[in-house]
Amino acid sequence: VQLQASGGGLAQVGGSLRLSCAASGRLADSYALGWFRQPPGKAREFVAATGGYGGGTSYADSAKGRFTISRDTAKNTVYLQMDSLKPEDAAVYYCGAGLIYSGRYDLPRFYDYWGKGTLVTVSS
């Protein structure tokens, strides 16, 4: 399975971007799909995730109310709609897939596959 993230780019403060992450090859519905980001000079941090088998969504506090994660199982694709962007949202965004039954979608070590990342820049 390979993951390909896209949709990054330049947005203004208060603007929106929609990221996509497409999986090549069959990705079982049991896989959780998540988004992480890595700001310049900082560690990778959790943004949002959707559990396997439609097992709900989880968001970082920084994403709640502004970002929405969704999944199209027919297309093997997960999306991250980002609204009301802030300068601190600027980062390389990565998507990951993993069999996560603990509910700990926020831990990178539970993800088995990663995309290469897409850069989000937010200008004021």
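Here the Gaussian network model covers the chain, with springs between Cα atoms less than 10 Å apart; of Ala60, Ala23, Ala43, Ala43 fluctuates the most.
Of the residues Ala90, Ala49, Ala28, the one that moves most in a GNM of the chain with alpha-carbon contacts below 10 Å is Ala28. Counting Lys and Arg as +1 and Asp and Glu as -1 over every other residue whose Cβ lies under 11 Å from the Cβ of Val78, the net charge comes to +1. Taking Asp89, Asp72, Asp106 as the candidate residues, the one with maximal mean-square fluctuation in a Gaussian network model of the chain, Cα springs under 10 Å, is Asp72. With protein chains left intact and a 1.4 Å probe, residues in the chain average 50 Å² of accessible area per residue.
Convex hull over the Cα atoms of region 5-48, averaged projected area in nm²?
Its average projected convex-hull area is 4.4 nm².
Of the residues Ala90, Ser24, Thr77, the one whose Cα sits farthest toward the positive end of the charge dipole of the chain, with +1 on the Cβ of Lys and Arg and -1 on the Cβ of Asp and Glu, is Ser24.
Ranking Gly8, Thr68, Gly51 by Cα position along the charge dipole of the chain, where only Lys, Arg, Asp and Glu carry charges on their C-beta atoms, puts Gly8 farthest toward the positive end. Take the solvent-accessible surface of the protein heavy atoms, probe 1.4 Å, and return the percent of it on region 49-107 that carbon and sulfur atoms account for. C and S atoms contribute 49 percent here.
Can you give the charge dipole size of the chain about its Cα centre, rounded to the nearest 20 debye, using +1 on the beta carbon of Lys and Arg and -1 on the beta carbon of Asp and Glu?
120
A straight Cα-to-Cα reach below 22 Å connects Lys42 with the lysines Lys64, Lys86, Lys116, residues fewer than 8 places away in its own chain not being considered. Site-free segments of the chain were taken between trypsin sites (Lys or Arg not before Pro) in DSSP loops having at most 15 other Cβ atoms within 10 Å, sites themselves excluded; the longest one is 67-103. Extension gain for Leu99 to Arg26 (0.36 nm times residue separation, less C-alpha to C-alpha distance): 24.9 nm. About the centre of its Cα atoms, region 58-100 shows a dipole size close to 120 debye [charges on the beta carbon of Lys, Arg (+1) and Asp, Glu (-1) only; nearest 20 debye]. Taking other residues whose beta carbon is less than 10 angstrom from the beta carbon of Gln38, and scoring Lys, Arg as +1 and Asp, Glu as -1, yields +2. Distance distribution P(r), region 21-109, all Cα-Cα pairs, bin width 5 angstrom from 0: 3, 15, 27, 25, 18, 9, 3, 0 percent. Projecting label points 7 angstrom from Cα along Cα→Cβ for Asp112 and Asp83 puts them 3.5 nm apart.
The values are calculated or read from the model by the stated rules, or taken from the named source; none is laboratory data. Everything numeric in this text was worked out from a predicted model, so none of it was measured. Glycine gets a Cβ as well: all are built from the backbone with ideal geometry, and neighbour counts include every protein chain shown. Heads up: the accessible areas ignore ligands, DNA and RNA and are worked out on the full protein's heavy atoms, side chains in. Shrake-Rupley method; radii C 1.70, N 1.55, O 1.52, S 1.80 Å.
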